[in-house]
Amino acid sequence: SLNPANRTEQLEGLPQVHWVGAQDDNVPESVAQGFVRRFRASPRPEVRVVPQATHATGWVTQWGSLYARSWP
């Protein structure tokens, strides 16, 4: 599969919010922050952490409110 970290030039300028579960051992916050640091342009994508979420759990009950807070 394609690695999005190798395509940051094509993604710059697109508003992005990346949600990460604080308990996610598959894709931890450090991976998301590393992805964001590859962007040259400002504003960079935003990383938001969901405290009780893992990679697969803790999202369903919160998803509606998280999505609503993603965009002004």
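The values are calculated or read from the model by the stated rules, or taken from the named source; none is laboratory data. The model shown is predicted, which means the values in this text are computed figures rather than measured ones. Quick reminder, even Gly has a Cβ in these numbers, built from the backbone with ideal geometry, and neighbours come from all protein chains shown. Areas reflect the complete protein model, heavy atoms only, side chains present, ligands, DNA and RNA absent. Shrake-Rupley method; radii C 1.70, N 1.55, O 1.52, S 1.80 Å.
Before we move on, is A22 in contact with a Ser or Thr (Cβ under 9 Å, 6 or more places away or on another chain), open to solvent by 40 Å² or more (accessible area, probe 1.4 Å) and of a type outside the set (S, T, N, Q)? In short, yes. Restricting attention to the range 10-19, the residues being open to solvent by 40 Å² or more (accessible area, probe 1.4 Å) and under 9 Å from the mean Cα position of the chain (by Cα) number 2. Taking the criterion of being out of contact with any His (no Cβ under 7 Å at 6 or more places or on another chain), under 17 Å from Y67 (Cβ atoms), assigned to a loop (DSSP other than H, G, I, E, B) and without any contact (Cβ under 8 Å) to a residue 40 or more places away in the chain, the residues of the range 1-50 that qualify are L14, Q16.
Looking at the range 31-43, is at least one residue farther than 25 Å from W59 by Cα, of a type in the set (K, R) and surrounded by 13 or more Cβ atoms within 10 Å (Cβ to Cβ)? Yes, because at least one residue in the range 31-43 is farther than 25 Å from W59 by Cα, of a type in the set (K, R) and surrounded by 13 or more Cβ atoms within 10 Å (Cβ to Cβ).
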